[in-house]
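Asker: So that we are looking at the same thing, I have put the structure below in structure tokens.
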Amino acid sequence: MTNVHDDKLTIADKTFKSRLIVGTGKYRTMDDMRDAIDASGAEMVTVAIRRLPLDENGRTKADEENLMEHLDWDRYTILPNTAGCRTVDEALFTARLARELTGSNWVKLEVIPDPKYLLPDPVGTLEAARTLVDEGFVVLPYIHADPILARHLEEAGCATVMPLGSPIGSGRGIFTLEEIQIIVENAKVPVVVDAGLGAPSEASLALEIGADAVLVNTAIAQAQDPVGMAAGFKLGVEAGRRAYVAGRIPRKELAEASSPVEGVARPA
């Protein structure tokens, strides 16, 4: 039996107690962001490098508000991401810039050429991932729930695979459940369900089917009460993981009584 206190998430060379990763975008205020991230219990936080106030030389502008100043980076593992990059070259440039700015060689890789549906480019993602791994990055690639692509990325040396549940920011939940289950069944690296989750119950489902973690941004940031929703996601992730470790009962076609039907008293 797994002790829940010893059941930790390991990605590359880091270990985390929380299986919830959160983003920093779309919050109404910086205070909402800080307080929601605190309530989530998350230990890893994603930051879109292209959202930081940088000058043309890639230096932080001193006269503009910077979300990096609102979080305690001794407390969190920063996960720079390449959000907004449409091509391989843009993603590589942004990842390298992130390493210069943060001192971290971790990167959430996103290559998204289509601004309408925001679906990741599988070919470009694999190409960029191979280059970044060769350059010493710890790569966490955002992908469609494609089991074959997940395998190729794992073979390329990625630290995780991050299949989407449904389109970014849609809050539609997990439309790719069967594909994610195949990825989970075959992956030897952590599987993080990323994008489309709208409620804690959907995060719980992802953990129940064996995903190692989830990444949530919009569902928390745009909730009426971001702090309350962050706390809800924390509990949902914990419940889903406990259910997975405990082992759910198999689904059956017919009902089965929970009380014995043999040897019971019956009227004459």
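The values are calculated or read from the model by the stated rules, or taken from the named source; none is laboratory data. Please read all numbers here as calculations on a predicted model, not as lab measurements. Quick reminder, even Gly has a Cβ in these numbers, built from the backbone with ideal geometry, and neighbours come from all protein chains shown.
Asker: Could you please let me know if residue 82 is of a type outside the set (A, V, I, L, M, F, W, C), farther than 25 Å from residue 227 by Cα, at pLDDT 90 or above and crowded, with 18+ Cβ neighbours inside 10 Å? Show your work before the answer.
Answerer: Details: of a type outside the set (A, V, I, L, M, F, W, C): yes; farther than 25 Å from residue 227 by Cα: yes; at pLDDT 90 or above: yes; crowded, with 18+ Cβ neighbours inside 10 Å: yes.
Against the criterion (of a type outside the set (A, V, I, L, M, F, W, C), farther than 25 Å from residue 227 by Cα, at pLDDT 90 or above and crowded, with 18+ Cβ neighbours inside 10 Å), residue 82 qualifies.
Asker: Can you tell me how many residues in region 26-53 are at pLDDT below 90 and surrounded by fewer than 19 Cβ atoms within 10 Å (Cβ to Cβ)?
Answerer: 3
Asker: Can you name every residue in region 224-242 that is small (Gly, Ala, Ser) and crowded, with 19+ Cβ neighbours inside 10 Å?
Answerer: 230, 232, 236, 240
A quick yes/no check of all residues on (1) without any contact (Cβ under 8 Å) to a residue 12 or more places away in the chain; (2) surrounded by fewer than 19 Cβ atoms within 10 Å (Cβ to Cβ):
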position: 71; (1), (2): no, yes
position: 93; (1), (2): yes, yes
position: 98; (1), (2): no, no
position: 107; (1), (2): no, no
position: 111; (1), (2): no, no
position: 124; (1), (2): no, no
position: 151; (1), (2): no, yes
position: 157; (1), (2): no, yes
position: 172; (1), (2): no, yes
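Asker: Next question, about the same structure. If I ask for residues that are part of a loop (DSSP other than H, G, I, E, B), modelled with pLDDT of 95 or more and of a type outside the set (Gly, Ala, Ser), which ones from region 154-171 would you list?
Answerer: Within region 154-171, 158, 160, 164 meet the criteria.
Asker: Identify, please: which residue in region 188-214 is of a type in the set (A, V, I, L, M) and touching a Lys or Arg at 6+ places or on another chain (Cβ under 8 Å) and is, among those, farthest from residue 22 (Cα to Cα)? It would help to see each step written out before you state the result.
Answerer: If we filter region 188-214 for residues that are of a type in the set (A, V, I, L, M), which is where we start, we get 189, 191-193, 195, 197, 199, 203, 205-207, 209, 211, 213-214.
Pick out the ones that are also touching a Lys or Arg at 6+ places or on another chain (Cβ under 8 Å) and you get 207, 213-214.
Working: 207: 15, 213: 11, 214: 8 Å.
Among those that are of a type in the set (A, V, I, L, M) and touching a Lys or Arg at 6+ places or on another chain (Cβ under 8 Å), it is 207.
Asker: Related question: Could you tell me which residue of region 131-149 is surrounded by the fewest Cβ atoms within 10 Å (Cβ to Cβ), considering only residues that are free of Cβ contacts under 8 Å to residues at least 40 places away in the same chain and of a type in the set (A, V, I, L, M, F, W, C)?
Answerer: Across region 131-149, the extreme among qualifying residues is 148.
Asker: Within region 193-239, how many residues turn out to be in a loop (DSSP other than H, G, I, E, B), in contact (Cβ under 8 Å) with a residue 12 or more places away in the chain and either touching a Cys at 6+ places or on another chain (Cβ under 6 Å) or of a type in the set (S, T, N, Q) (or both)? Break it down into steps so the answer makes sense when it comes.
Answerer: First, pick out the residues of region 193-239 that are in a loop (DSSP other than H, G, I, E, B): 195-199, 209-212, 217, 222-225.
So of that shortlist, the ones also in contact (Cβ under 8 Å) with a residue 12 or more places away in the chain come out as 195-199, 209-212, 217, 222.
Filter once more, so that each one left must be either touching a Cys at 6+ places or on another chain (Cβ under 6 Å) or of a type in the set (S, T, N, Q) (or both): 217, 222.
Qualifying residue count for the region: 2.
Asker: Answer yes if at least one residue in region 106-120 is of a type in the set (Asp, Glu), in a helix (DSSP H, G or I) and at pLDDT below 90, and no otherwise.
Answerer: no
Asker: Taking into account only those residues within region 183-199 that are surrounded by fewer than 18 Cβ atoms within 10 Å (Cβ to Cβ) and touching a Pro at 6+ places or on another chain (Cβ under 9 Å), which is farthest from residue 211 (Cα to Cα)?
Answerer: 186
Asker: Return the residues of region 29-42 that are more than 26 Å from residue 111 (Cβ to Cβ), in a loop (DSSP other than H, G, I, E, B) and either in contact with a helix residue (DSSP H, G or I) (Cβ under 8 Å, 6 or more places away or on another chain) or in contact (Cβ under 8 Å) with a residue 24 or more places away in the chain (or both); say none if nothing qualifies.
Answerer: 41
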